[in-house]
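Chemist: The structure is given below, and queries will be raised subsequently.
Nothing in this text is a laboratory measurement; each read-out follows from the coordinates by a stated rule. If you're wondering where the values come from, they're calculated on a predicted model, not measured in any experiment. Note: ideal-geometry Cβ built from the backbone for every residue, glycine included; neighbour counts use all protein chains shown.
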Amino acid sequence: MHDYELLVVGSANADLVIGVDRRPGAGETVLGSDLVVHPGGKGANQAVAAARLGARTALLARVGDDDYGQLLLDSQRSAGVDTVGVLVGGAPTGVALITVDPSGDNSIVVSQGANARLTPGDVRASLRLMAAARVVSVQLEIPLESVAEVVRTAAAGFGGRPGPRVVLNPSPVAPLPNDVLAACDPLVVNEHEARFLLSDDQVGSSDDPEEWADALLSRGPRSVVVTLGGEGALAADGDRMVLVPSPAVTAVDTTGAGDAFTGALAWRLGVGDDLVTAVRFAVRVGAAAVTRAGAQASFPSAEEVAAL
């Protein structure tokens, strides 16, 4: 019996958000709205998104012993996330500086803070959490060696029992070791991340998501999901490739929408959905998330997703 359908291992940040008429160019200053502070970070966002949908979710992360860290702990607990794996101290809480333009598009700069101190040793010390989860979801706002430790622990299993299924969103994008790629089921990428990972391949200059998915599968992942914004997402596992369209919505703020998508996808895989069925659900969750401002504040409940 698994205690959790989803364990998220990743970052927890305070999102400092300013609305702008247009994002500044190099050397340029623009005026913006009043500063708003939201709980965020890719790991924390995914955990809240899944828990708000009804998932039994835990988070392994590190925050600072400061007001932003308390904000993040409070937001996780209020969403129903088990925070037994959230470590406190070692550095100030991570911070993301976000500008959002009138179309809802955003630009983000992240100060890692305590996220950079989530070590492979922290992962090894959390084997109980790993063993209790059906799926583990990771991103790259924590050290890559810690991500690799999560993957290796999952691959090794526990006393003859298979470890959790691994969902990886390589954001912010970076080269991935072969053993990490091989464990992804799925590897979840947007257009920018797909092109970066395929930059040494002519396919990287293509505009065809199916070519990206094929090329990425050839690198070792068991399955691949390419998110396409308002167009939906492409699911590929070697046996089939399915484009899942998104519902038409008016985007207010895209901050955190990818995290909502991935958290929903990982949860549905954890309760036994096949890849395409899970992507269909996650696309609706991502669409709902862009209709409201903020990251975690915009994440829908299961009832809101059903209404959409």
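Chemist: Please arrange Val138, Val226, Val276 by how many other C-beta atoms lie within 10 Å of their C-beta, fewest to most. Kindly include the intermediate steps, with their values, before the conclusion.
Modeler: On the way: Val138 32, Val226 24, Val276 16.
If I rank by nearby Cβ atoms, fewest first, I get Val276, Val226, Val138.
Chemist: Ranked from highest to lowest mean number of other Cβ atoms within 10 Å per residue, what is the order of the peptides 171-178, 214-221, 245-252, 143-150? Don't skip to the answer; put the middle values down first.
Modeler: On the way: 171-178: 14.6, 214-221: 18.2, 245-252: 13.0, 143-150: 19.8.
Packing order, densest peptide first, comes out as 143-150, 214-221, 171-178, 245-252.
Chemist: Tell me which residues come under 5 Å, amide H to amide H, from Gly41 once H is placed; ignore anything under 5 positions away on its chain.
Modeler: Asn13
Chemist: Mind listing the Cα extents of region 129-239 along all three principal axes, in Å, largest one first?
Modeler: Result, largest extent first: 45, 29, 25 Å.
Chemist: For Ile108, Ile98, what ranking results if the residue with the fewest other Cβ atoms within 10 Å of its Cβ goes first? Don't jump to the answer; show the numbers that get you there.
Modeler: Numbers: Ile108 15, Ile98 24.
Placing the least packed residue first, the sequence is Ile108, Ile98.
Chemist: To continue, here is another question. For region 168-308, give the magnitude of the charge dipole about the Cα centre (Cβ charges: +1 Lys/Arg, -1 Asp/Glu; no others), in debye to the nearest 20. Mind dumping the intermediate values first?
Modeler: Numbers: 8 positive and 20 negative charges, 83 e Å.
That gives a dipole near 400 debye.
Chemist: May I pose another question? Can you check what the net charge comes to around Arg134, using other residues whose Cβ is under 10 Å from the Cβ of Arg134 (Lys, Arg +1; Asp, Glu -1)?
Modeler: Values: positive: Arg56, Arg165; negative: Asp3, Glu5.
Here the count lands on 0.
Chemist: Select from Ala174, Val135, Ser206 the residue farthest towards the positive end of the dipole of the chain; place +1 on Cβ of Lys and Arg, -1 on Cβ of Asp and Glu, and compute about the Cα centre.
Modeler: Val135
Chemist: Per residue of region 175-180, what does 6.51 cos²θ - 1.76 cosθ + 1.60 with θ = phi - 60° give for ³J(HN,Hα)? Whole Hz please, x for Gly and Pro, Karplus curve as stated.
Modeler: Once rounded to whole Hz, the list reads x, 10, x, 4, 5, 6.
Chemist: Continuing with the same structure: Divide by every residue of the chain the summed helix terms, -39500 (n - 2.57) for each DSSP H run of at least 4, and state the resulting mean residue ellipticity at 222 nm, rounded to the nearest 500 deg cm²/dmol.
Modeler: On the way: 11 runs with 105 residues, N = 308.
Helix-only estimate at 222 nm: -10000 deg cm²/dmol.
Chemist: Right, here's the next one. Averaging the inverse of every distinct alpha carbon separation and then flipping it gives the Kirkwood radius. What is it for region 1-104, in angstrom units?
Modeler: Numbers: mean 1/r = 0.0680 Å⁻¹.
When all Cα pairs of region 1-104 are included, the Kirkwood radius is 14.7 Å.
Chemist: Using alpha-carbon pairs under 8 Å, 6+ residues apart, how would you state the relative contact order of region 1-112 in percent?
Modeler: Relative contact order for region 1-112 comes out at 33 percent.
Chemist: Please give the charge dipole size of the chain, origin at the Cα centre, charges +1 on K and R Cβ atoms and -1 on D and E Cβ atoms. Round to the nearest 20 debye.
Modeler: Details: 22 positive and 37 negative charges, 194 e Å.
It works out to roughly 920 debye.
Chemist: Further question: Among Leu60, Pro24, His2, pick out the residue whose Cα is farthest towards the positive end of the charge dipole of region 1-69, where Lys and Arg carry +1 and Asp and Glu carry -1 on C-beta, about the Cα centre.
Modeler: My answer, from the dipole projection, is His2.
Chemist: Need one number: % antiparallel among DSSP beta bridges in the chain, to the nearest 5.
Modeler: On the way: 21 of 51 bridges.
Percentage antiparallel, nearest 5: 40.
Chemist: Remind me, relative contact order of the chain in percent, using alpha carbon pairs under 8 angstrom and six or more residues apart?
Modeler: 18 percent
Chemist: What is the fewest-to-most order of Thr262, Thr119 by other Cβ atoms lying within 10 Å of their Cβ? Provide the component values of the computation, followed by the final result.
Modeler: Numbers: Thr262 29, Thr119 17.
In order of increasing Cβ crowding within 10 Å: Thr119, Thr262.
Chemist: Right, another one. If you take every residue apart from Glu5 with its C-beta less than 15 Å away from the C-beta of Glu5, what net charge results, scoring Lys and Arg +1 and Asp and Glu -1?
Modeler: Details: positive: Arg52, Arg56, Arg134, Arg165, Arg268; negative: Asp3, Asp82, Asp273.
In short, +2.
Chemist: In the neighborhood of Ala156, defined by Cβ-to-Cβ distances under 13 Å, what is the net charge if each Lys or Arg adds +1 and each Asp or Glu adds -1? Can you show the working numbers first?
Modeler: On the way: positive: Arg124, Arg152, Arg161; negative: Glu149, Asp179.
The answer is +1.
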